[in-house]
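The values are calculated or read from the model by the stated rules, or taken from the named source; none is laboratory data. As the structure is a computational prediction, the values presented were derived from the model and not from experiment. Because the Cβ atoms are built from the backbone with ideal geometry, glycine has one as well, and the counts that use them run over all protein chains shown.
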Amino acid sequence: MAASQAEVRVAIATDDDVVAARQAGRQLAESLGLATTDLTLVATAISEVARNITAYAGTGEIVVRPVDGRGRRGVQVIASDEGPGIEDIDRALQDGFTTGGGLGLGLPGARRLMDEFAINSRPGAGTTVTMTKWGPQ
């Protein structure tokens with residue numbers, strides 16, 4: 001695997017970190033041959049989950065890494081924090097639901113942008129979002 005296709009970890013605490021995570025995801029997706037539109041989707045989904053980290057947990061981490069499956073390559077994004085967690089994941093994934101005064105589009109938007117999306121959260125124990133965008137076959 002080329003150096004440009006290695007796992008990248010970005011600590012998230014500030015808006016600058018959100019930008020760095022976006023760029024890392026976009027660059028990895030590009031190196032894997034994803035379409036230009038998919039590069040934007042990956043970067044936007046990373047923005048949504050990274051901003052949730054800064055807004056609700058304060059700090060966390062975004063990991064972007066290449067994955068292989070179903071005869072194609074893709075980029076996987078793992079956003080994790082040790083924040084307050086999410087009490088009702090089903091509600092949190094509904095458009096318009098927010099506990100922070102925003103538009104309530106972050107998690108449901110990220111889920112729509114990516115091909116695979118999973119969330120694991122426990123109140124008081126943090127949240128991990130894992131999402132994947134697959135390249136062409």
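From the list A11, A35, the lone residue that is in contact with a strand residue (DSSP E or B) (Cβ under 9 Å, 6 or more places away or on another chain), of a type outside the set (S, T, N, Q) and farther than 20 Å from P108 by Cβ is A11.
Quick grid of which residues meet (1) surrounded by 17 or more Cβ atoms within 10 Å (Cβ to Cβ); (2) touching a residue at least 40 places away in the same chain (Cβ under 8 Å):
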residue	(1), (2)
E7	no, yes
T14	no, yes
N52	yes, yes
D68	no, no
Q76	yes, yes
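Among the residues of the range 79-95, write down those that are under 20 Å from T132 (Cα atoms) and among the aliphatic types (A, V, I, L, M). Within the range 79-95, A79, I89, A92, L93 meet the criteria. Residue check: is A21 at pLDDT 95 or above and either touching a Lys or Arg at 6+ places or on another chain (Cβ under 7 Å) or outside any helix (DSSP H, G or I) (or both)? No, not satisfied. For the range 46-53, the criterion of being outside any strand (DSSP E or B) and touching a Leu at 6+ places or on another chain (Cβ under 6 Å) is met by none of the residues. Please tell me if A110 is closer than 20 Å to A13 by Cβ, of a type outside the set (S, T, Y), surrounded by 19 or more Cβ atoms within 10 Å (Cβ to Cβ) and touching a residue at least 60 places away in the same chain (Cβ under 8 Å). For A110, the condition - closer than 20 Å to A13 by Cβ, of a type outside the set (S, T, Y), surrounded by 19 or more Cβ atoms within 10 Å (Cβ to Cβ) and touching a residue at least 60 places away in the same chain (Cβ under 8 Å) - is met.
From L28, L39, grab the single residue that is without any contact (Cβ under 8 Å) to a residue 60 or more places away in the chain, in contact with a helix residue (DSSP H, G or I) (Cβ under 8 Å, 6 or more places away or on another chain), assigned to a helix (DSSP H, G or I) and farther than 21 Å from S80 by Cβ. Outline the logic, then answer.
Numbers: L28 fails: farther than 21 Å from S80 by Cβ.
None of the others qualify; the one that does is L39.
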